[in-house]
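The values are calculated or read from the model by the stated rules, or taken from the named source; none is laboratory data. Bear in mind the structure is a predicted one, so any value in this text is a computation, not a measurement. Every residue, glycine as well, gets a Cβ built from its backbone with ideal geometry; the counts of neighbours run over all protein chains shown. Surface areas here come from the heavy atoms of the whole protein model, side chains and all, with no ligands, DNA or RNA. Shrake-Rupley method; radii C 1.70, N 1.55, O 1.52, S 1.80 Å.
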Amino acid sequence: MSPPTLDQFLGEIAGIIKEKNGTQLQEYLIYEPPLPPLYNKIVSEIKQFYPTNSQKALENKCISFIPEYDEGDDGGSRTSFVMFMVKYFTFLRDVNVDNLIETHDLLKALLNQSILALSSSIGVIVLPTVVSLSHTLARLAIGLDKRPELIEHLIKRESVVENEATERVTLVESSANVIREAFKKCLSERSGPPSGVDSNGKPEGRRVGIYLMANLCLKLFFHCRKLRSAEQIFGNIYQQSPPLGLFPAAQRVTFLYYLGRYLFANNHFYRAQLALQTAYDQCHAQCISQRRLIFIYLTTSNIILGRFPSSRLLQRPEAAGLAEKFQPICAAIAKGDLASFRKYMDLDAQHAEWFLQKRILLQLSNRCEVLVWRSLARRTFTLSGSQGAVTSQGDVTRKAAPTLSLQDMLTLATLLEKRVLGFAEDTPKSNGLTNGHTGTQRTHTNAIFVFPKAQTPPPQEADAELPYSYVDPDLADVVDPEPPLLPNMEIIESIVASLIEQGLLHGFISHAQHRFAITGVKDARPVQVGFPRVWDVIKARANKEVPGWVKERKAPAFGPGMVVNLSGARPAGAAPG
Amino acid sequence: MSAAADGSGPTAKATTAAADTSTTLKDQQKPAAALEEDDEFEDFPVDDWAPEESEVPPGQEGGTTHLWEESWDDDDTSEDFSKQLKEELAKVKGQK
């Protein structure tokens, strides 16, 4: 006797394969409960006719239905598809959704087999199924990751593996790695012309899945904070993908969001802004939550680059509540109010936790400080600078350049830093990140390596196992540089020199006179020449090419598998503070 | 399977008709105050849309130009902050 429902189902699957209808195949291969009644019938038939140890019989059953189709150029066979069908039926038979970990593993194995079927000549028919399985696996992996009580034993298992000198792979990452195989299969499609675009201007064959799979991988890599793995995705795409513009809007926007976040995390603020602005412009007007996330990183990048969001922009629905977070930063930058800026960027400040959670606090605090100093120099000039003058003595016309006194700038910086330190106000508090150093005051960059001398034990008591007790002989007598609490002339001079180097101030320093002189004024206003607009300066210096973003069709100059190293690219945007 | 609970199985997804686009998008439009501050970039309810659907609806667009301010230097020297700085400069110079 033959299982009637299973036979009927396989017969219909065979028909779908003949018609090469990928969407219908995906609709037929239901695997998520609750299963429709017909599928429950199939499950009970499989349990009855093909229990756990009848793999071969089930295989033969599938072979008897799945047609022999033309072997394609890439030499795939129907075997991988038959094996996928077998895996599908065993998945339905064995899955127990009360055990989410086990379900995750079974689903991962099923996806793996579907990816193998993707290589066969009918591969593209399986693509919608692969996409669906990948989506479900990604959701399940992230869901599990948010429930540590369920994956506790896995974490323990991983640490055992770690002891065996194998790289530690989390559950989310292991799922991402499987989905990445599907991404590679889509990207390495050879059918059609070398450009990868068919006569209708659409991506050819499996290439339609490139950004669907890439975006899922990126979602998981960002979730488990493996930006190095994300970098590989961008590198592969930059080398082999057809232009992004040929793909649907949802895929474009999602991809550019992750690319922008990646560039932002690597301090490429100008490029991040390019990717995020396009993502924002092309995002569906009603998808507020996506627009909001894009907007947060776009705004942060732009502020760092010297472009502030207008109040009209901040009134949009996706910007609700963001004005109160970003506007104080912009106001402090515009005024050169170092005190307010430092207080606002402090870890104990009102919105600090939000900035930290969004991973933008350090970028804002480090990069925008440069802009605050530029404005403070500008303010010093408008309050007490010398505007320059033309004097004539007989035939000789002498032009004195407009200058500002670095001593005055030091006076103002000292006043503002005193406010931050709470001199004659509060006593500075200590917080976690400053390693026990006092409150809002900045710490030495290498504070975690700077240990108080008193803790160093005498040599005879030194315990080699305690890293804190070890002092390299070369450094034994070195006095740790304590950053001064308040600025001095050296600090002001070096800050001004750095601003000149970054193009944010136009002129030179007279070291002897402690003055900054503005050059090239001619007929213009000195303040405009000496303190050019930040955005203009950064834009003029920026590299507009965004690695990872394929904008135009190009002939493949390199072979597949070529890896682009993005890390060597020079940071665009604000120069190092 | 947690994924099953939200009813977005392949059967639900399979009915991708333009008709249900509007309803799913409306569901997305929660009041801004209720936005959950989650780092996860949600999947879009539809795969593709026309460029004009990306345009911010009238009344909310706030104009298309000058959305980003590139000239923000503050030249007002009469407000409190500038006054305090001026006083400090005068005080320090007076001490010399």
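A Cβ distance below 6 Å, combined with a sequence gap of six or more or placement on separate chains, defines the contacts here; from segment B:85-96, residues that are at the interface with chain A (Cβ under 9 Å from one of its Cβ atoms) reach residues that are among the charged types (D, E, K, R) in the pairs B:89/A:408.
Among the criteria (1) closer than 30 Å to residue A:279 by Cα; (2) at pLDDT below 95; (3) open to solvent by 50 Å² or more (accessible area, probe 1.4 Å), the one residue A:477 does not fulfil is (1).
For every residue, the table says whether it meets (1) of a type in the set (Gly, Ala, Ser); (2) away from chain B (no Cβ under 14 Å); (3) over 16 Å from the mean Cα position of the chain (by Cα).
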{"site": "A:214", "(1), (2), (3)": "yes, no, no"}
{"site": "A:225", "(1), (2), (3)": "no, no, no"}
{"site": "A:237", "(1), (2), (3)": "no, yes, no"}
{"site": "A:240", "(1), (2), (3)": "no, yes, yes"}
{"site": "A:250", "(1), (2), (3)": "yes, no, yes"}
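Selection of segment A:375-402 for residues being within 16 Å of residue A:508 (Cβ to Cβ) and either among the aromatic types (Phe, Trp, Tyr) or in a helix (DSSP H, G or I) (or both) yields A:377, A:381. Scanning segment A:78-125 for residues that are open to solvent by 40 Å² or more (accessible area, probe 1.4 Å), charged (D, E, K, R) and touching a helix residue (DSSP H, G or I) at 6+ places or on another chain (Cβ under 6 Å) yields A:87, A:108.
Scanning segment A:274-292 for residues that are more than 12 Å from residue A:318 (Cβ to Cβ) and open to solvent by 10 Å² or more (accessible area, probe 1.4 Å), we see that the one that is farthest from the other protein chains (Cβ to nearest Cβ) is A:274. For segment A:191-213, the set of residues classified as at pLDDT below 85 and out of contact with any Asp or Glu (no Cβ under 7 Å at 6 or more places or on another chain) consists of A:193, A:194, A:195, A:199, A:200, A:201, listed by residue number. Summed over segment A:1-38, the residues that are open to solvent by 20 Å² or more (accessible area, probe 1.4 Å), in a helix (DSSP H, G or I) and under 16 Å from residue A:132 (Cβ atoms) give a count of 5. Scanning segment A:237-281 for residues that are under 23 Å from residue A:367 (Cα atoms) and either modelled with pLDDT under 95 or of a type in the set (Gly, Ala, Ser) (or both) returns A:260, A:265, A:272, A:275.
Each residue in segment A:492-548 was checked for being under 30 Å from residue A:238 (Cβ atoms), assigned to a loop (DSSP other than H, G, I, E, B) and among the aliphatic types (A, V, I, L, M), and 2 pass. Here residue A:349 qualifies as hydrophobic (A, V, I, L, M, F, W, C), open to solvent by 10 Å² or more (accessible area, probe 1.4 Å) and more than 24 Å from the chain's Cα centre (by Cα).
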